[in-house]
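Here is the structure we will look at, set down as structure tokens.
The values are calculated or read from the model by the stated rules, or taken from the named source; none is laboratory data. Since the structure is predicted, the reported quantities are computational estimates derived from the model, not experimental observations. Cβ placement follows ideal geometry from the backbone for every residue including glycine, while neighbour counts extend to all protein chains displayed. When the accessible area is computed, the model is the full protein with side chains, heavy atoms only, and any ligands, DNA or RNA have been set aside. Shrake-Rupley method; radii C 1.70, N 1.55, O 1.52, S 1.80 Å.
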Amino acid sequence: MPYEYLEDSVTSDVTLRAWGRNLDELFTAAADATTNVMVGAVESISPTVTKVASVNADALDLLLLRFLEELIFHKDAEGLILRATDVRVEATGHSHQVHARLRGEPIDSHKHELLADIKAVAVHALRVEHTDSGWQAQVTLDV
């Protein structure tokens, strides 16, 4: 599990730290950590529905925010619980893009252990940084 939850956040927030050897792994781990806040076991999600996510931003931290917001959007608008697969982060001139497949299924309270309803990804304390072992991000989710 390339992520952990931090204890020092506000009661109505969940703060997580995710990591990966490269940006693709980092964004995948952050997406799984976000989904895991909503359901008890991400492994319980069957890949019966596929959505394509393609977002861009000038900075990596904002790119991650927009990417995670895609998961929240599909949950709120379509009632889908999704996991990110085939994640590709690319630099394009002065900006960055992420492309991914989001796979999952309709939320089913009989199948999924529903934990929290994420309202948004917070900009506060959001960061993506290169480390000696790869990449690391810190994200706060408003629940």
Among the listed residues Ala91, Ala41, which satisfies the condition of being at pLDDT below 95, farther than 24 Å from Gly134 by Cα and not hydroxyl-bearing (Ser, Thr, Tyr)?
Ala41
What are the residues in segment 71-107 that are β-branched (Val, Ile, Thr) and either part of a loop (DSSP other than H, G, I, E, B) or farther than 24 Å from Asp58 by Cα (or both), if any?
Ile81, Ile107
Regarding Arg83, is this residue open to solvent by 50 Å² or more (accessible area, probe 1.4 Å), within 12 Å of the chain's Cα centre (by Cα) and not small (Gly, Ala, Ser)?
yes
I'm trying to understand the selection: among the residues of segment 113-143, which are open to solvent by 30 Å² or more (accessible area, probe 1.4 Å), part of a strand (DSSP E or B), of a type in the set (Gly, Ala, Ser) and in contact with a helix residue (DSSP H, G or I) (Cβ under 8 Å, 6 or more places away or on another chain)?
Ala120
Taking His110 as meeting all but one of (1) open to solvent by 20 Å² or more (accessible area, probe 1.4 Å); (2) part of a helix (DSSP H, G or I), write down the number of the exception.
(2)
Looking at segment 86-107, which of its residues are open to solvent by 80 Å² or more (accessible area, probe 1.4 Å) and within 17 Å of the chain's Cα centre (by Cα)?
Asp86, Arg88, Arg101
Assess whether Thr48 counts as being out of contact with any Phe, Trp or Tyr (no Cβ under 9 Å at 6 or more places or on another chain) and open to solvent by less than 40 Å² (accessible area, probe 1.4 Å).
no
Return the pairs, sorted by first residue and then second, in which the second residue is open to solvent by 20 Å² or more (accessible area, probe 1.4 Å) and not in a loop (DSSP other than H, G, I, E, B), the first residue lies in segment 30-49 and is under 14 Å from Val14 (Cβ atoms) and hydroxyl-bearing (Ser, Thr, Tyr), the beta carbons are less than 6 Å apart, and the residues are 6+ apart or on different chains.
Thr35/Arg83
Quick check: is even one residue across segment 93-100 touching a Ser or Thr at 6+ places or on another chain (Cβ under 6 Å) and either closer than 19 Å to Val123 by Cβ or without any contact (Cβ under 8 Å) to a residue 40 or more places away in the chain (or both)?
no
